[in-house]
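Peer 1: Take this structure, written in structure tokens, and hold onto it; I'll ask about it next.
Coordinate-derived values only; no laboratory data. Keep in mind the model is a prediction, meaning the values are calculated, not measured. Don't worry about glycine lacking a Cβ; one is built from the backbone with ideal geometry, like all the others, and counts go over all protein chains shown.
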Amino acid sequence: PWFLGGGKDGPGGKEFAEWAATVEGVGFHTSLDDIPAVVEGTKRCALVSGRTADNPKLVGEAIKAGCSTIYLEKPGAPTVAELEAMKKEAGDAGVPIFMGYNKNVCKYVSKTREFAAANEGSHVTFVSNNTYE
């Protein structure tokens, strides 16, 4: 929303507008309230990459906007209680949430793999889209 509102005339605003005009099939909106209803038979995915304090509200709005999958940037919410509430809201709506992480600074990734290997029936999927090695 920054480059669609207050930041459109600032640094990067012009470049964003030029780039956005070239992207086919992608809509840019200032608010989740501005997006059209989901067309029947289609899926909508949300990538929530906002301020940590805003994420619980944004996830709720994404669910209400008909998103069937949400990718949430870490840390997700300011508190564990808010994360648990988000999980419940998404679970009640049948919407899976996937959490992003930075594998270069997360020691818990190795511990998660070890835990999954030691506990029968565990399943952990890590997805990385690094363009560097």
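Peer 1: How many of the residues making up the range 32-55 are loosely packed, with under 13 Cβ neighbours inside 10 Å and either more than 26 Å from THR79 (Cβ to Cβ) or touching a Gly at 6+ places or on another chain (Cβ under 9 Å) (or both)?
Peer 2: 9
Peer 1: Does the range 48-83 hold any residues that are among the small types (Gly, Ala, Ser) and at negative phi, and which are they?
Peer 2: So the first thing to find is which residues in the range 48-83 are among the small types (Gly, Ala, Ser), and the list is 49-50, 53, 60, 62, 65-66, 68, 76-77, 81.
Result: SER49, GLY50, ALA53, GLY60, ALA62, ALA65, SER68, ALA77, ALA81.
Peer 1: Within the range 59-82, which residues are over 9 Å from the mean Cα position of the chain (by Cα), buried (at least 16 other Cβ atoms within 10 Å of the Cβ) and hydrophobic (A, V, I, L, M, F, W, C)?
Peer 2: Scanning the range 59-82 gives ALA62, ILE63, ALA65, CYS67, ALA77.
Peer 1: For the range 1-31, give me each residue that is surrounded by fewer than 10 Cβ atoms within 10 Å (Cβ to Cβ) and under 27 Å from PHE98 (Cα atoms).
Peer 2: Residues satisfying the conditions are VAL23, GLU24, GLY25, VAL26, GLY27.
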